[in-house]
Amino acid sequence: MSVQSQINRVTSIRSRYFHTCVDLKKRITHQMDCAIYAVTERGQFCDCGLIHDLRILDFALAGVLYDKYEDDLSLHETGKKIKELTNKEQKKNIALLEKVFGPIITDMADIKQEYNDMKKVIETVFPDESEYPDCYGRLKKWFKKEAK
């Protein structure tokens, strides 16, 4: 990941989508007139540009910045919400991938590097942790999950 380019993109996302929400916390959200909020059929497509702008980022970073990224991306692309897989289905899918591509090897050095890069981006764009604590919390959860 090019840290500087990610910083530039996240800065642009912050200026456009960082709002105070109903619970008076600031977070990255769709524009309030975005069709994804609509109750009708047209509510399956993000027309405010948030999903488009997040797609340019590294996938993990997009998920850390916007907690509903995967769900909204699926809704935006397919018109359907993500179906949660059972543990049995997950194991079956992993076994199939390992059969095709070989065993999954987790390199802790790569995970630490990706974590450090994302942390640098977030700290640069949101230097005060109290301004967007949810984002910092999701980053820590991401690292713990990946380190397992």
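Among the residues of segment 1-24, write down those that are among the charged types (D, E, K, R) and modelled with pLDDT of 85 or more.
Those that are among the charged types (D, E, K, R) and modelled with pLDDT of 85 or more: ARG9, ARG14, ARG16.
Which residues, taken from segment 1-37, are of a type in the set (Lys, Arg), outside any loop (DSSP other than H, G, I, E, B) and in contact (Cβ under 8 Å) with a residue 60 or more places away in the chain?
Within segment 1-37, ARG14, LYS26, ARG27 meet the criteria.
Please indicate, with yes or no, whether at least one residue in segment 44-66 is out of contact with any strand residue (DSSP E or B) (no Cβ under 8 Å at 6 or more places or on another chain), modelled with pLDDT under 85 and assigned to a helix (DSSP H, G or I).
The answer is yes, given that some residue of segment 44-66 is out of contact with any strand residue (DSSP E or B) (no Cβ under 8 Å at 6 or more places or on another chain), modelled with pLDDT under 85 and assigned to a helix (DSSP H, G or I).
If ALA60 passes every condition in (1) within 12 Å of the chain's Cα centre (by Cα); (2) surrounded by fewer than 14 Cβ atoms within 10 Å (Cβ to Cβ) but one, which one does it miss?
ALA60 satisfies all of (1) within 12 Å of the chain's Cα centre (by Cα); (2) surrounded by fewer than 14 Cβ atoms within 10 Å (Cβ to Cβ) except (2).
Return the residues of segment 94-148 that are touching a strand residue (DSSP E or B) at 6+ places or on another chain (Cβ under 7 Å) and either part of a helix (DSSP H, G or I) or exposed (fewer than 11 other Cβ atoms within 10 Å of the Cβ) (or both); say none if nothing qualifies.
GLU131, ASP134
For the structure I just gave you, tell me whether ASP72 is in a helix (DSSP H, G or I), surrounded by 12 or more Cβ atoms within 10 Å (Cβ to Cβ), at pLDDT below 95 and of a type outside the set (A, V, I, L, M, F, W, C).
yes
Just the residues that are hydrophobic (A, V, I, L, M, F, W, C) and over 18 Å from the mean Cα position of the chain (by Cα), please, taken from segment 16-40.
Across segment 16-40, the qualifying residues are CYS21, VAL22, LEU24, MET32, CYS34, ALA35, ALA38, VAL39.
The values are calculated or read from the model by the stated rules, or taken from the named source; none is laboratory data. Because the structure is a prediction, the values reported are computed rather than measured. Virtual Cβ from ideal backbone geometry, glycine too; neighbours counted across all protein chains shown.
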